[in-house]
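The values are calculated or read from the model by the stated rules, or taken from the named source; none is laboratory data. Only a predicted model underlies this, so the values are computations on that prediction, with no experimental measurement involved. Here Cβ is always computed from backbone atoms with ideal geometry, including for glycine, and neighbour counts include all displayed protein chains. Note: areas computed on protein heavy atoms with side chains; ligands, DNA, RNA excluded. Shrake-Rupley method; radii C 1.70, N 1.55, O 1.52, S 1.80 Å.
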Amino acid sequence: YNRVWIPDPDDVWKSAEIAKDYRVGDKVLRLLLEDGTELDYSVDPESLPPLRNPDILVGENDLTALSYLHEPAVLHNLRIRFAESKLIYTYSGIILVAMNPYKQLPIYGDAIIHAYSGQNMGDMDPHIFAVAEEAYKQMARNNKNQSIIVSGESGAGKTVSARYAMRYFATVSKSNSNAHVEDKVLASNPITEAVGNAKTTRNDNSSRFGKYTEISFDERNQIIGANMRTYLLEKSRVVFQSENERNYHIFYQLCASAQQSEFKHLKLGSAEEFNYTRMGGNTVIEGVSDSAGMEETRKTFTLLGFQEDFQMDVFKILAAILHLGNVQITAVGNERSAVSADDSHLQVFCELLGLERGGVAQWLCNRKIITTSETVVKPMTRPQAANARDALAKKVYAHLFDFIVERINQALQFSGKQHTFIGVLDIYGFETFDVNSFEQFCINYANEKLQQQFNLHVFKLEQEEYMKEDIPWTLIDFYDNQSVIDLIEAKMGILELLDEECLLPHGTDENWLQKLYNNFVNKNSLFEKPRMSNASFIIQHFADKVEYKCEGFLEKNRDTVYDMLVEILRASKDSNQYQFGKTKIFFRAGQVAYLEKLRLDKLRQGCVVIQKHIRGWLQRKKFLRERQAALTIQQYFRGQHTVRKAVTAAALKEAWAAIIIQKHCRGYLVRSLYQLIRVATITIQAYTRGCLARRRYRKMLEEHKAVILQKYARAWLARRRFQSIRRFVLNIQLTYRVQRLQKKLEDQNRENHGLVEKLTSLAAARAGDAEKVQKLESELDRAAAHRRNYEERGQRYKATMEEKLAKLQKHNSELEVQKEQIQRKLQEQTEELKGKMDDLTKQLFEDVQKEERQRILLEKSFELKTQDYEKQMCSLKEEIKALKDEKMQLQRQLEEEQATSRGLQGEVARLSQQAKTISEFEKEIELLQTQKIDVEKHVQSQKREMREKMSEITKQLLESYDIADVRSRLSVEDLEHLNEDGELWFAYEGLKKATRVLESHFQSQKDCYEKEIEALNFKVVHLSQEINHLQKLFREENDINESIRHEVTRLTSENMMIPDFKQQISELEKQKQDLETRLNEQTENMRGNWTPQGPAFRKREFSNELNHTREEEGIHPQEKEKLMDDIHAMPEVSEGLKKQVETEPKVESSLRQEASRLTMENRDLEEELDMKDRVIKKLQDQVKSLTKTIGKANDVHLSSGPKEYLGMLEYKREDEAKLIQNLILDLKPRGVVVNMIPGLPAHILFMCVRYADSLNDASMLKSLMNSIINGIKQVVKEHLEDFEMLSFWLSNTCHFLNCLKQYSGEEEFMKHNSPHQNKNCLNNFDLSEYRQILSDVAIRIYHQFIIVMENNIQPIIVPGMLEYESLQGISGLKPTGFRKRSSSIDDTDAYTMTSVLQQLSYFYSTMCQNGLDPELVRQAVKQLFFLIGAVTLNSLFLRKDMCSCRKGMQIRCNISYLEEWLKDKNLQNSLAKETLEPLSQAAWLLQVKKITDSDAKEIFERCTSLSAVQIIKILNLYTPIDDFEKRVTPSFVRKVQALLNSREDSSQLMLDASYLFQVVFPFTPSPHALEMIEIPSSFKLGFLNRL
């Protein structure tokens, strides 16, 4: 049955279920309430109770997603979200509904702003930031102005919401200028709140004015300024406050700061001393510091550029208002009043404003009436004088408020052009108090207009659009408040009657109220007269009925201030003290007209000057135009006259003849030129078309070959994919079967344990009997004869045991024979498989040769590649040899296990000895039993019972298995032991052996499966490897011609790179650790023959290296033969290992793990060897080319001999700037870092530092160090957003810092130096101070380096980690009720998880190329992974549609991708994985069951990296996406929360994504010898000289 909502006096609406079918026309509806009671509810057939939404829709973030949208559904949905889920925001279409929690929530930090920035409105949880982001994107996308209207009742949180919206705009649109416009815009809020907000009974910070802030943006959508407009300031609050209310905050802030030295001249005291601040009875707001508020107000004044004197002038006026309120007015009779001229507060008021005391005292109690004939001064009564004083205070405060707003707008003005703007309207909400007056009437009237605007946009315009497009639509019945607005503002409405009454000389509030009664009572349903009052009226507003007191309506509407008081203020003596002279109201008499006259005179003079120049320019332009026209006419007429004189008949004939001749001549020339061009064009076309045809043919040929290669490649990929899937399925099947077997073994172990317990109880019973037997020790002598019988039986048992051992040895020999047979079979299978592989290889080679017969060059290339393939096979055989060594280690481990088995056999022997002792003891018992027949019978009965139980248990164990198989595995002796009477020990041994037989049965089945799987894996691996190498051959053959051309080009450019190659060769020779010895020997041998040259010496170095390389290559044939032998021996070894694994089940699992590990290592080593082979081949080619080049150079140039360098670079003082410019400022890292050693610029700089140190020139060294540091700072500042440049100079800064440490001469840094490196230490200066400076520079570079990486990867994180769905079966599934909103940005280029991994790989490769220290790389990766986890988790907290079980699976999958990336880059020890632990636990929390108490306990124990707030947030956000999932019940959430109460963790919901881990710069000594470093010519450092 459906559920409905029925009205309830306590809960407003109550839920009930329909217990009986309702039929049309029924008057009663049978309902079942939630407490179980039944109710007959009377219904109207035309107005049935509203239906309740399904539970799956309750709690949705958009009210428009509900199936039934009515009052109870809306209230219930808001209550569920607010009370249970702790969510204060809910959408209702384009409207955001906010519930005021009356406490601070941690959902407005910068991390939340960044999470909502750039997101679509429907993708995130409802939030004020989502609305602000939507407005910002609509403005940026459509270039249209936007507005956000914040409305609601008093105390609903409108001011705070508007403040958060403005802060969002200031954060996301922050400009790069130094004007800090965003901070100024935000600074306007504290000032306007101080002078315009006050405490009411409903709100401690209620806005008593309306504010519309227009935030201006430029074309780049950055804030450039703002403008503020205010409405309806509640001036009456200055002079009157209701109970438990306060005046404006600024007055209390002044009183709280009265004792400060800068405010003492204001002569203020506490707020309780002034009438205008103590009327409400409570001058303090709990939890709010007024003195701190004053500091904040002054700080924002300063931020907006308001000078100190301006601030003090404002405070003087505010203090004067407080003192004015304390001026005492005394009554003089019934018609007069007076103010004492000695009143202290009046004196202070006049001093602060610079007024004459007597005039103020006079005109506070009198007023001037001016008629046509005379001027009359009329005294006022005490109430009238008090009203005049209060009116003056209100007038002064209102103008001060307007003046402050005007100055704020001036501070927020901007010089450029406004492109667009976003307006934020913070208007006071609907108010109803115990006493409502004119202010509440105006506020509620404004809210009526706002509600009408809301109805217009949400209902009227939308439905009119539907009707205009002829779409079937049922009109929605909504409340239209136009009638209330007409009651207030229409002709002869309430406001017009009020204005009319104010114009009457004797108009009163009572007369006006009587007119309202006469016009509207019983005539307008929205106007009522209270029953118990004749001084008020009631209006039915859209929100509620409000009763207004008419007292004071006329006075407040008139807002009268007497002219004489205004004149006194105008006559203020101190213009600096009283600032109203700057407005139009308070100028002295005649001042405005005089200033206006001066302004007009200046304007008139300026206009005359401008007119003079403009008119002169116009007249000159007109004259020039007329003169030019006259000249043109003259030229025309004079030309005509001359022609007429010159033209004759003879001239015409000559001209005609010349034309005829020109025609024929020009025709001939044009024809000749045309024929020439035509022939050339035809020739060009022929060559062009031939070239295009040949090119098209080559392209078609290449495409055909590419298609053939793709065919084989895709077939191989398809086979590989199928094999991986099949291998995966087999692994799953094996795992499942092993688990089942393990479960059966566990059940068997539990049954064995029960039997052992029974045996233990029997042994205890026997021990009790033994105590009784001990009493019969006196009769042991008669048992001697029986003891001999037991000894004979023991000897027989010993003989049987020896027979068993002989049988076991025989059985072992049989197993050895079987082992050899199986090994032979395996060898035969291996040879057969090899034959098949050879056939397959031959077939593939034949296919290749058929396709490539037409090109001889490619056949030669194929032979060369075949040789390379054989070399790769050699490297693989080397790896197989290493694998064999590993397997030998495994054999040794097996031998150790066999030793352990022998130890176990010794243990069996020891137990047998103990069994003998037991048998001897039983002999003694038998002797005693013969003496005691009763005891013997009892013991025999126990043995029979035990024997029966043992047989029953054994039968039960054997019933589920093959009885014949089990008995065949048990020896005859074992069966005899089981059936032998009285032998408890042998029965127990038999039971254990039966258990072992069962275990061996299971193990044999398991081994069979594993053998099959290993055989298949072995075949698959070898086949895939062979096919992989063949596919490589196919790909490389097509590229051989291109590679040859590139090789020729590269060899021609090698001459320019001799220093770099020499450096690489020197590094290889240094790794051999014998370079120096061989070089010295060669040098000594050559001195006797001829003077060596630099190039010749280099030639010998390369020749030696080449010979050494060839010697190393000579070893390979011998290793090949050994590897071939090892390959043939491997099947036998493998079979032996498998047999041993079968005999030793405990070792089997470890062997399988070791084999898989070795397989993975084999693949990694194979790849590494391939790379090494390519590097060696490349170096050999380089050595050959360099040998030829140096040989040629040797024939031409001679030198004096080899040089020994000192590792220094000589430079001149004047070249220092050039050094910094070329090496630091102008150096481009891209393209040159590949050919450089890591940190080459740093090493060059340090070599220059060594030179300055060797000269012992302090000024030169200081200048160089300062220039280096400043240069690094400058280049980093110029490239703040260039990731590659930052990475390059972070690396070089660290290398330079390490060089300063390594060669500093300090022992702690010299541990890893070579003796030669220790000789290169600095000798004269201590640079530890510069090391500290460089360390600080490196830290700053690192932080900027991290910021750039974060800025690049942050937009990719949420789409890739959270939104992208790569798992099959999850795509397209969304939680019920979530409606995707239209995006205001183009999101066609969606990011995926691959994008995240590609970005990380780019960062990693760039850091490695630039030579960044591996430890720094790990720290940077850890920081990036923390950012990924934090941003993803923060976004997850804000998106209910992402909190589901399947999304948790997706997140877990993406985390595994990141972990795999870490493993691939060998970064497991970077602690980056640990930073993802909160996200991983959140994904686990989404997937785990959330029902029982054990689930709650498991969540408490597992989610240690998540705070209690975060866990509860995820549980509340969890949303099922289908019927198979269920919501988390509130009771379960309370259980988890109760467990989490013991935690003392942070209350912050969001992770701080901007957190930076502390960076540590490791000391890594440079392995490069300074004397071997050469400077590339590309550095343009020819002015440096190596010493």
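Here are a few things to note about the model shown:
- Residue satisfying condition, being among the charged types (D, E, K, R), surrounded by fewer than 21 Cβ atoms within 10 Å (Cβ to Cβ) and part of a strand (DSSP E or B), within set Glu219, Glu214: Glu214
- Subset tally (residues that are β-branched (Val, Ile, Thr) and in contact (Cβ under 8 Å) with a residue 60 or more places away in the chain) for the range 1274-1315: 1
- Scanning the range 304-325 finds one or more residues that are among the aliphatic types (A, V, I, L, M), out of contact with any His (no Cβ under 8 Å at 6 or more places or on another chain) and modelled with pLDDT under 90.
- Within the range 244-269, the set of residues being open to solvent by 50 Å² or more (accessible area, probe 1.4 Å) and free of Cβ contacts under 8 Å to residues at least 40 places away in the same chain comprises Ala256, Gln259, Gln260, Ser261, Lys264, His265.
- The C-beta contact set for the range 398-412 (first residue over 16 Å from Val185 (Cβ atoms), second residue assigned to a helix (DSSP H, G or I) and of a type in the set (D, E, K, R), distance under 9 angstrom, 6+ apart or interchain) comprises Ala398/Lys235; Phe401/Lys235; Phe403/Lys582.
Every residue, every condition in (1) open to solvent by less than 70 Å² (accessible area, probe 1.4 Å); (2) within 23 Å of Phe240 (Cα to Cα), yes or no:
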residue: Thr330; (1), (2): no, yes
residue: Asp343; (1), (2): yes, yes
residue: Cys350; (1), (2): yes, yes
residue: Arg357; (1), (2): no, no
residue: Leu364; (1), (2): yes, yes
residue: Met380; (1), (2): yes, yes
residue: Gln384; (1), (2): no, yes
residue: Arg389; (1), (2): yes, yes
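- Some residue of the range 1258-1270 being in contact with a Pro (Cβ under 7 Å, 6 or more places away or on another chain) and closer than 29 Å to Val1417 by Cα: no
- Lys515 vs. criteria open to solvent by 20 Å² or more (accessible area, probe 1.4 Å), assigned to a helix (DSSP H, G or I), within 24 Å of Asp544 (Cα to Cα) and modelled with pLDDT of 90 or more: yes
- Matching residues, the range 334-360, being part of a helix (DSSP H, G or I) and closer than 16 Å to Val566 by Cβ: Phe349, Cys350, Leu353, Gly359, Val360
- Considering residues of the range 46-66 that are surrounded by 14 or more Cβ atoms within 10 Å (Cβ to Cβ) and part of a helix (DSSP H, G or I) only, the residue modelled with the lowest pLDDT: Ile56
- Checked against (1) under 30 Å from Ser147 (Cβ atoms); (2) assigned to a helix (DSSP H, G or I), Leu254 passes all but condition (1).
- Residue count, the range 170-198 (criterion: modelled with pLDDT of 90 or more and touching a strand residue (DSSP E or B) at 6+ places or on another chain (Cβ under 7 Å)): 5
- When Ser1287, Ser1259, Ser1263 are checked against the criterion of being over 25 Å from Arg1586 (Cβ atoms) and among the hydroxyl-bearing types (Ser, Thr, Tyr), a single residue qualifies: Ser1287.
- So Arg737, is it exposed (fewer than 13 other Cβ atoms within 10 Å of the Cβ) and of a type in the set (Lys, Arg): no
- Here the condition is being of a type in the set (Gly, Ala, Ser), within 28 Å of Ile285 (Cβ to Cβ) and in contact (Cβ under 8 Å) with a residue 24 or more places away in the chain; of Ser216, Ser173, Ser154, it holds for Ser154 alone.
- Note on the range 83-110: among residues that are over 27 Å from the mean Cα position of the chain (by Cα) and open to solvent by 60 Å² or more (accessible area, probe 1.4 Å), the one that is modelled with the highest pLDDT is Met99.
- Per-region count, the range 1491-1548, residues closer than 26 Å to Leu57 by Cβ, in contact (Cβ under 8 Å) with a residue 60 or more places away in the chain and not in a helix (DSSP H, G or I): 7
- Number of positions in the range 1546-1558 that are touching a helix residue (DSSP H, G or I) at 6+ places or on another chain (Cβ under 8 Å), modelled with pLDDT of 80 or more and open to solvent by 50 Å² or more (accessible area, probe 1.4 Å): 5
Quick grid of which residues meet (1) in contact with a helix residue (DSSP H, G or I) (Cβ under 6 Å, 6 or more places away or on another chain); (2) of a type in the set (D, E, K, R); (3) surrounded by fewer than 17 Cβ atoms within 10 Å (Cβ to Cβ); (4) within 30 Å of Gly1429 (Cβ to Cβ):
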| residue | (1), (2), (3), (4) |
| --- | --- |
| Asn1516 | no, no, no, yes |
| Thr1529 | no, no, yes, yes |
| Val1536 | yes, no, no, yes |
| Glu1544 | no, yes, yes, yes |
| Val1560 | no, no, yes, yes |
| Ser1577 | no, no, yes, no |
| Leu1587 | no, no, yes, no |
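- Enumerated helices (runs of 4 or more DSSP H) restricted to the range 1261-1365, each holding at least 1 residues that are open to solvent by 60 Å² or more (accessible area, probe 1.4 Å) and of a type outside the set (Gly, Ala, Ser): 1315-1319, 1328-1357
- Filtered residue count, the range 1393-1451, keeping only those that are among the hydroxyl-bearing types (Ser, Thr, Tyr), over 19 Å from Val1348 (Cβ atoms) and open to solvent by 10 Å² or more (accessible area, probe 1.4 Å): 1
- Members of the range 279-321 that are open to solvent by 20 Å² or more (accessible area, probe 1.4 Å), touching a Phe, Trp or Tyr at 6+ places or on another chain (Cβ under 7 Å) and in a helix (DSSP H, G or I): Asp290
- Checked against (1) within 30 Å of Arg1340 (Cβ to Cβ); (2) in contact with a Phe, Trp or Tyr (Cβ under 9 Å, 6 or more places away or on another chain), Leu1515 passes all but a single condition, namely (1).
- The range 67-82, subset within 16 Å of Asp55 (Cβ to Cβ) and open to solvent by 40 Å² or more (accessible area, probe 1.4 Å), residue nearest to the chain's Cα centre (by Cα): Arg79
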